[in-house]
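Undergrad: Sharing a structure, written as structure tokens. Questions coming.
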């Protein structure tokens, strides 16, 4: 593959297109508390695509499996030994339709955050182990990963048996060999939430110099989670988690879908949350609802990326939220493949060489990257002007 220099030069627009461009879109100036804009490097994306030559011996079937032949998407990301590591969801060709393949977690590494080499076998997958009943035949999906101060990596992922999705957790010191600990809510409240559908966990982190690490707040680890709403949970050991409840004993909804906005259908947690000088920043995925309840500027059922700021003293209290997405499906690879309505699904973000690298799933089919340079803030993806 021929490499192209990575830069942020402006795209030249022919004059005869300029009036239409100005009338159709406007600049997306982000508030000072938000990160961005994130710029897609030229001639780089998608950075990870399906590979039908990769084969591993599947312990469930006892046969060779083309484990990443159909789709590679929804990546976690972290740093190890000065390299960017992306842990991505890969689907084989064992079924048809979203949710009916078997998913496994692949490993890719990069010296520059843009060009990746991949392992030929997955690093987390269904096996004849204690988690088989939660992970087979659907698999291990949609990882998020973060690191403790001591250097242990913690991965939250969806365990999918094609009956009920559950949030699971696994730990590792090398990102290759993982210890599965099982569903994170198995013990909480005498198992009250064990048989509830749970997905998408974003653990709270902070910056220590140039290193992003898991942190505590009010003496406990803090986790944002959820797909339909954003909820929270706390833990003292990173393995067993207790959902945060209202006084009436119900799950406390921190943010919810908003009628008429890009996140009118779902608000699903993204990469690990980050403590900043302004508060706790949570990146999330908003799904647009069809019909009058959605934002008609975006496709029905499309996924765009949002940000919400929580109070640093009360991490359950939202204090600011973007009304338009900072990243939305714009490129062809973000609007084709398995999810043609358009998807930029953010799950992994790392601070690398003084910039923030955001890794995301493209239309449930491939992996993309966008980069934010804090020293050179630019607008987010342009806002579509309502007609």
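Undergrad: In the list 324, 371, 378, which residue meets the criterion of being touching a strand residue (DSSP E or B) at 6+ places or on another chain (Cβ under 9 Å) and assigned to a strand (DSSP E or B)?
TA: 371
Undergrad: Additional query: Do we have residue 62 as free of Cβ contacts under 8 Å to residues at least 12 places away in the same chain, under 25 Å from residue 339 (Cα atoms) and part of a loop (DSSP other than H, G, I, E, B) here?
TA: Against the criterion (free of Cβ contacts under 8 Å to residues at least 12 places away in the same chain, under 25 Å from residue 339 (Cα atoms) and part of a loop (DSSP other than H, G, I, E, B)), residue 62 does not qualify.
Undergrad: Sticking with this structure for a sec: Tell me the residue from 79, 44 that is at pLDDT 95 or above, in contact with a strand residue (DSSP E or B) (Cβ under 8 Å, 6 or more places away or on another chain) and not in a loop (DSSP other than H, G, I, E, B), please.
TA: Going through 79, 44 in turn, the sole match is 79.
Undergrad: Given the residues 277, 287, which is the only one that is under 17 Å from the mean Cα position of the chain (by Cα) and without any contact (Cβ under 8 Å) to a residue 40 or more places away in the chain?
TA: Selected residue: 287, the only one of 277, 287 that is under 17 Å from the mean Cα position of the chain (by Cα) and without any contact (Cβ under 8 Å) to a residue 40 or more places away in the chain.
Undergrad: While we're here: Can you run down the residue pairs with Cβ atoms below 6 Å, 6 or more apart or on separate chains, where the first is in the stretch 247-265 and more than 23 Å from residue 303 (Cβ to Cβ) and the partner is assigned to a loop (DSSP other than H, G, I, E, B)?
TA: 252/244; 252/246
Undergrad: Yes or no: the stretch 49-57 includes at least one residue that is out of contact with any strand residue (DSSP E or B) (no Cβ under 7 Å at 6 or more places or on another chain) and either surrounded by 15 or more Cβ atoms within 10 Å (Cβ to Cβ) or at positive phi (or both).
TA: yes
Undergrad: Just one of (1) in contact (Cβ under 8 Å) with a residue 24 or more places away in the chain; (2) in a loop (DSSP other than H, G, I, E, B); (3) over 18 Å from residue 251 (Cβ atoms) trips up residue 163, so point out which.
TA: The number of the failed condition is (1).
Undergrad: Within the stretch 153-183, how many residues are exposed (fewer than 15 other Cβ atoms within 10 Å of the Cβ) and touching a strand residue (DSSP E or B) at 6+ places or on another chain (Cβ under 6 Å)?
TA: Adding up the residues that qualify gives 1.
Undergrad: Related question: State yes or no: is residue 314 without any contact (Cβ under 8 Å) to a residue 24 or more places away in the chain and out of contact with any strand residue (DSSP E or B) (no Cβ under 7 Å at 6 or more places or on another chain)?
TA: So residue 314 fits the description; yes.
Undergrad: Within the stretch 103-132, count every residue that is part of a loop (DSSP other than H, G, I, E, B) and closer than 18 Å to residue 173 by Cα.
TA: 4
Undergrad: What about residue 100, is it within 23 Å of residue 285 (Cβ to Cβ) and modelled with pLDDT under 95?
TA: So residue 100 passes the test.
Undergrad: Another question, then. Can you tell me which residue in the stretch 115-131 is farthest from residue 213 (Cα to Cα), limited to those that are surrounded by fewer than 17 Cβ atoms within 10 Å (Cβ to Cβ) and touching a residue at least 60 places away in the same chain (Cβ under 8 Å)?
TA: For the stretch 115-131, the residue satisfying everything is 128.
Undergrad: Here is a check on your reading of the model: is residue 186 touching a helix residue (DSSP H, G or I) at 6+ places or on another chain (Cβ under 8 Å), outside any helix (DSSP H, G or I) and either crowded, with 24+ Cβ neighbours inside 10 Å or touching a residue at least 24 places away in the same chain (Cβ under 8 Å) (or both)?
TA: It is false that residue 186 is touching a helix residue (DSSP H, G or I) at 6+ places or on another chain (Cβ under 8 Å), outside any helix (DSSP H, G or I) and either crowded, with 24+ Cβ neighbours inside 10 Å or touching a residue at least 24 places away in the same chain (Cβ under 8 Å) (or both).
The values are calculated or read from the model by the stated rules, or taken from the named source; none is laboratory data. Since this is a predicted model, take the numbers as computed values, not measurements. Counting neighbours? That spans all protein chains shown, and the Cβs are built from the backbone with ideal geometry, glycine included.
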